[in-house]
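The values are calculated or read from the model by the stated rules, or taken from the named source; none is laboratory data. These numbers were taken from a predicted model, which means no experiment stands behind them. Positions of Cβ are generated from backbone atoms using ideal geometry, with glycine treated the same way; all protein chains shown enter the neighbour counts.
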Amino acid sequence: MGARLVATQQGFFDRPKVQKAVDAATKRVLSRFGAFVRQRAKTSIRQRTKVSSPGQPPASHLGLIKKFILFAYDQQRRSVVVGPTLLNKGDGTAPRLLEHGGAGVRQRGKRMKQVHYRPRPFMQPAFQAELPGLSRLWANAVR
């Protein structure tokens, strides 16, 4: 009786081992997805001096927004965060204003001017473009 019970137990999944494999696959897949979204967003932003059209990705005049698009896997939430980081200069509203539009303050020298930004999305289109490929990343991900 005891030998059959041990043999039967060995036929079941090892729950901690399976959970560990799923967690590792989740981190690997979502990190790759974050890297793909980041790269798509960066390549959508063109380096040029003129202003982009509303509805198109923003033009990068200094190269900062393009340079500081990052991604990170959040272990606690088991998710990935992708987007531009806040820089030390300014109030940090530029990426949000570029993505969604809205009112902001622009400073030139000592002069402050209230301006309205029309949306020039770059993160949401990158996410939507890479989303169909997420299912392919999950194929055979858990080993």
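Looking at the range 85-133 only, could you name the residues that are within 23 Å of Phe33 (Cα to Cα) and either of a type in the set (Asp, Glu) or without any contact (Cβ under 8 Å) to a residue 24 or more places away in the chain (or both)?
If the condition is that a residue be within 23 Å of Phe33 (Cα to Cα) and either of a type in the set (Asp, Glu) or without any contact (Cβ under 8 Å) to a residue 24 or more places away in the chain (or both), then Thr85, Leu86, Arg96, Glu99, His100, Gln128, Glu130, Leu131, Pro132 are the ones that fit.
Step by step: first the residues of the range 108-133, then only those that are aliphatic (A, V, I, L, M) and assigned to a helix (DSSP H, G or I), then the one that is surrounded by the fewest Cβ atoms within 10 Å (Cβ to Cβ). Which residue is that? Write out each step before concluding.
Taking the range 108-133 as the starting set, the residues that turn out to be aliphatic (A, V, I, L, M) are 112, 115, 123, 126, 129, 131.
After this cut, where a residue has to be assigned to a helix (DSSP H, G or I) as well, the list is 123, 126, 129, 131.
On the way: Met123: 21, Ala126: 24, Ala129: 14, Leu131: 12.
Only one residue tops the list, namely Leu131.
Of the conditions (1) surrounded by 14 or more Cβ atoms within 10 Å (Cβ to Cβ); (2) without any contact (Cβ under 8 Å) to a residue 40 or more places away in the chain; (3) among the basic types (Lys, Arg), Lys20 satisfies every one except a single condition; which number is it?
Exception for Lys20: condition (1).
Of the residues Val105, Val81, which is β-branched (Val, Ile, Thr), modelled with pLDDT under 90 and not in a helix (DSSP H, G or I)?
Val105
Out of curiosity, is Arg136 without any contact (Cβ under 8 Å) to a residue 40 or more places away in the chain, assigned to a helix (DSSP H, G or I), within 16 Å of Ile65 (Cα to Cα) and of a type outside the set (S, T, N, Q)? Walk me through it before giving the result.
Numbers: without any contact (Cβ under 8 Å) to a residue 40 or more places away in the chain: yes; assigned to a helix (DSSP H, G or I): yes; within 16 Å of Ile65 (Cα to Cα): no; of a type outside the set (S, T, N, Q): yes.
When the stated conditions are applied, Arg136 does not pass them.
Say whether the condition of being surrounded by fewer than 16 Cβ atoms within 10 Å (Cβ to Cβ), among the charged types (D, E, K, R) and farther than 30 Å from Val18 by Cα is met by at least one residue in the range 69-83. Even if it seems obvious, please write down each step before you answer.
The initial filter retains those residues of the range 69-83 that are surrounded by fewer than 16 Cβ atoms within 10 Å (Cβ to Cβ), namely 70, 72, 74-79, 81.
Those left that are additionally among the charged types (D, E, K, R): 74, 77-78.
Filter once more, keeping what is farther than 30 Å from Val18 by Cα: none.
No; the residues of the range 69-83 include none that is surrounded by fewer than 16 Cβ atoms within 10 Å (Cβ to Cβ), among the charged types (D, E, K, R) and farther than 30 Å from Val18 by Cα.
Quick check on my filter: what residues within the range 84-102 are assigned to a loop (DSSP other than H, G, I, E, B) and not charged (D, E, K, R)? Explain how you work it out, then say what you get.
Within the range 84-102, the first condition is being assigned to a loop (DSSP other than H, G, I, E, B), and the residues that meet it are 85-93, 101.
Result: Thr85, Leu86, Leu87, Asn88, Gly90, Gly92, Thr93, Gly101.
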